[in-house]
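Contents: one structure, followed by commentary.
The values are calculated or read from the model by the stated rules, or taken from the named source; none is laboratory data. Being a predicted model, the structure only gives us computed values, none of them experimental. Using ideal geometry, Cβ is built from the backbone for each residue, glycine included, and neighbour counts are taken over all protein chains shown. Please note that ligands, DNA and RNA were not included when accessible areas were found on the heavy atoms of the full protein model with its side chains. Shrake-Rupley method; radii C 1.70, N 1.55, O 1.52, S 1.80 Å.
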Amino acid sequence: MYSVEQARAVLAEIRPLIEDLIKLRADAAELAAAVRNGDASPLGGLPELKAAQARMDELLSSIAAQDIQIKGFAPLLLDFPGQLDGIPVLLCWLEGDPDLSWYHRDDLGFAGRRPLAAEG
């Protein structure tokens, strides 16, 4: 279980992994389209696509190994299991969020997202 402070610290720690993952995701999408259409890409071809996919798997595994739930890939959505006032929650970070500032009850999912301002 993560406290808000712990989750924010781990998020800051894994930011470089997240940034690499987002860049690789875009590169892989471009490479996949080029390979599928038989087009040339300045990024390469099938070997570079396979390498990008393998590296994305490594990055996702590194994130998941820290007991972080990966709920979405595009956009990237990460949940840190925690508790607020004794209630199981998921501290929720969505790609584009500047910081970890949302949570939702474990049983409600993304639709139950609330700001952490009062709880952080």
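Residues of segment 67-95 being out of contact with any strand residue (DSSP E or B) (no Cβ under 9 Å at 6 or more places or on another chain), in a loop (DSSP other than H, G, I, E, B) and not aliphatic (A, V, I, L, M), which ones?
Hits for segment 67-95 are ASP85, GLY86.
Filter segment 31-40 for residues that are within 19 Å of ALA54 (Cα to Cα) and touching a helix residue (DSSP H, G or I) at 6+ places or on another chain (Cβ under 9 Å) and give the result.
Those that are within 19 Å of ALA54 (Cα to Cα) and touching a helix residue (DSSP H, G or I) at 6+ places or on another chain (Cβ under 9 Å): LEU31, ALA32, ALA34, VAL35.
Looking only at segment 36-49, count how many residues are open to solvent by 60 Å² or more (accessible area, probe 1.4 Å) and assigned to a helix (DSSP H, G or I).
Qualifying residue count for the region: 5.
Restricting attention to segment 35-51, does a residue exist that is in contact (Cβ under 8 Å) with a residue 12 or more places away in the chain and either charged (D, E, K, R) or within 24 Å of GLN6 (Cβ to Cβ) (or both)?
yes
Filtering segment 82-120 down to residues that are within 14 Å of the chain's Cα centre (by Cα) and touching a residue at least 60 places away in the same chain (Cβ under 8 Å), which residue is surrounded by the fewest Cβ atoms within 10 Å (Cβ to Cβ)?
For segment 82-120, the residue satisfying everything is ASP99.
Restricting attention to segment 106-115, which residues are modelled with pLDDT of 95 or more and either in a loop (DSSP other than H, G, I, E, B) or closer than 14 Å to TYR2 by Cα (or both)?
ARG113
Of these, ALA7, ALA52, ALA28, ALA33, which one is closer than 17 Å to ALA117 by Cα, open to solvent by less than 60 Å² (accessible area, probe 1.4 Å), assigned to a helix (DSSP H, G or I) and among the hydrophobic types (A, V, I, L, M, F, W, C)?
Of ALA7, ALA52, ALA28, ALA33, the one residue that is closer than 17 Å to ALA117 by Cα, open to solvent by less than 60 Å² (accessible area, probe 1.4 Å), assigned to a helix (DSSP H, G or I) and among the hydrophobic types (A, V, I, L, M, F, W, C) is ALA7.
Are any of the residues in segment 69-78 surrounded by 11 or more Cβ atoms within 10 Å (Cβ to Cβ), farther than 15 Å from VAL4 by Cα and modelled with pLDDT under 95?
no
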